[in-house]
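Just so it is clear, none of the values below were taken in a lab; they were calculated from the coordinates. This structure is a prediction, so every number in the text was calculated from the model and none was measured. Here the Cβ positions follow ideal geometry from the backbone for every residue, glycine too, while neighbour counts run over all protein chains shown.
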Amino acid sequence: MEIRVLNYFLTIAREQSFSKAAQILNVTQPTLSRQIKELEDEYHITLFDRTTRTLSLTEEGLLFKEQAKQIIRLVEKMEAQLRKQEVEIAGEIHIGCSESKCNRIVMKAIARAQKAYPHIKFRITSGNAQYVTEMLDQGLLDLGIVVDPANMSKYDYIRLPDYDTRGVLMRKDSDLAKLDAVSPSDLIDKPVIISSQEMVKNEIAGWLGGNQRALNVVATFNLFYNAKLMAEERVGYVLTLDSLYHESEDSILCFKPLKPKLTIRSNVIWKKYKLFPKAVEVFLEMLNQEISANNDLAG
């Protein structure tokens with residue numbers, strides 16, 4: 001499979017016409033048709049529905065389109081890094097982040113790297129641990145930041161200092177708002193909203209003594225903002241992290257820690273045996289320096 005042919009395919013899919021795509025690509029329409037036919041024959045698939053007047057993608061074509069776009073993005077990213085490294089330390093660093101206050105030290109390292117190497121650019125993508133690891137495995141991220149619990153068997157990692165505390169976000173007029181901390185027995189008969197990540201569900205089950213089914217889980221979420229809205233609208237009690245919500249006198253919500261206490265660490269991860277471009281290497285050096293400085297202050 002050639003990158004040139006993938007670009008041919010994506011142009012046809014975008015224009016929904018072989019003739020228009022041929023004009024844009026500056027090739028003849030027969031040449032374009034032959035290249036796509038050879039691609040279909042090679043992989044025993046049908047990419048386009050040619051039975052209607054309007055050209056459209058088949059189900060196989062829709063899936064192939066998403067895969068082709070990922071391949072093109074990876075190639076463009078690699079070419080950009082190689083071109084910039086010829087003259088200076090430069091390039092783009094793609095980082096996926098779960099939500100955590102522990103990310104602050106990573107942002108400090110980003111600020112430090114920008115000052116020292118202004119031609120390094122950072123692309124930050126937010127998502128839960130499952131999303132971040134999937135993107136990392138596909139090669140669409142250089143680094144990921146995930147909160148515990150996480151399966152680290154496929155990754156090298158740097159553990160970040162500081163930690164988050166798990167607890168319950170609720171309305172101030174709710175039944176549990178008068179408590180200083182929330183125990184498993186307090187939640188048994190209450191509507192609960194938890195993260196959709198299996199690792200988090202397992203962690204909560206452990207806190208409950210191995211019986212997650214004892215909870216009345218009425219909704220799940222993968223990022224915090226919608227969970228906050230559900231809490232405001234009385235959908236239920238949200239199991240989340242303390243750093244994601246900042247309470248004020250005017251707020252209708254409050255946060256109560258769990259009892260027994262449950263603290264969460266965060267990690268910067270990357271695929272094992274990965275060869276990094278120079279930009280990522282110097283950034284990781286700066287991150288380690290920030291962590292060392294933070295540990296010195298804490299000590």
Past 18 Å, Cα to Cα: identify those pairs from LYS77/LYS274; LYS115/LYS278; LYS172/LYS228; LYS77/LYS121; LYS190/LYS261; LYS154/LYS271, in the order given. LYS190/LYS261
Please report LEU141, LEU10 as a ranked list, fewest other C-beta atoms within 10 angstrom at the top and most at the bottom. LEU10, LEU141
Looking only at THR263, THR54, THR240, which one moves most when the chain is put into a Gaussian network model with springs between Cα atoms under 10 Å? THR54
Using Cβ contacts closer than 10 Å as the measure, can you line up GLU134, GLU40 from fewest to most? GLU134, GLU40
Straight-line reach check, LYS37, cutoff 22 Å on alpha carbons, 8 or more apart in-chain or any other chain, hits among lysines -> LYS20, LYS65, LYS69
Quick one: in segment 144-299, what % of C-alpha pairs are over 29 Å apart? 30 percent
If you take the beta carbon distance between VAL218 and THR165 as r and set R0 to 25 Å, what does 1/(1 + (r/R0)^6) give as a FRET efficiency, to the nearest 0.05? 0.60
Residue with peak Gaussian network fluctuation, the chain [Cα springs, cutoff 10 Å], from GLU76, GLU15, GLU285: GLU15
All other residues with a Cβ under 12 Å from the Cβ of ASP175 taken together, and with Lys, Arg as +1 and Asp, Glu as -1, what is their net charge? +3
Per-pair calculated FRET efficiency, R0 = 41 Å: ASP137 and SER19 via Cβ, rounded to 0.05: 0.60
What do the square roots of 5 times the Cα gyration tensor eigenvalues come to for segment 133-229, in whole Å, largest first, as semi-axes of the equivalent ellipsoid? 29, 15, 14
Calculate the translational D of segment 3-80 in whole µm² s⁻¹ from Stokes-Einstein, where the hydrodynamic radius comes from the Kirkwood formula applied to all Cα pairs, the temperature is 10 °C and the viscosity 1.306 mPa s. 124 µm²/s
Counting each DSSP H run of 4 or more residues in the chain as -39500 (n - 2.57), what helix-only mean residue ellipticity at 222 nm follows after dividing by all residues, to the nearest 500 deg cm²/dmol? -13500 deg cm²/dmol
Out of ALA13, ALA109, ALA181, a Gaussian network model of the chain with alpha-carbon springs under 10 Å gives the largest mean-square fluctuation to ALA13
From fewest to most C-beta neighbours within 10 Å, the residues ILE95, ILE12 line up as ILE95, ILE12
Taking trypsin sites (Lys or Arg not before Pro) in a DSSP loop with at most 12 other Cβ atoms within 10 angstrom as exposed, one finds the longest site-free stretch of the chain at 54-153
Calculate, axis by axis, the spread of Cα positions in the chain along the three principal axes, and write the results as whole Å, longest axis first. 74, 50, 38
Between ASP173 and ASP156, the two model label points (7 Å from Cα along the beta-carbon direction) sit apart by a distance in nm of 5.5 nm
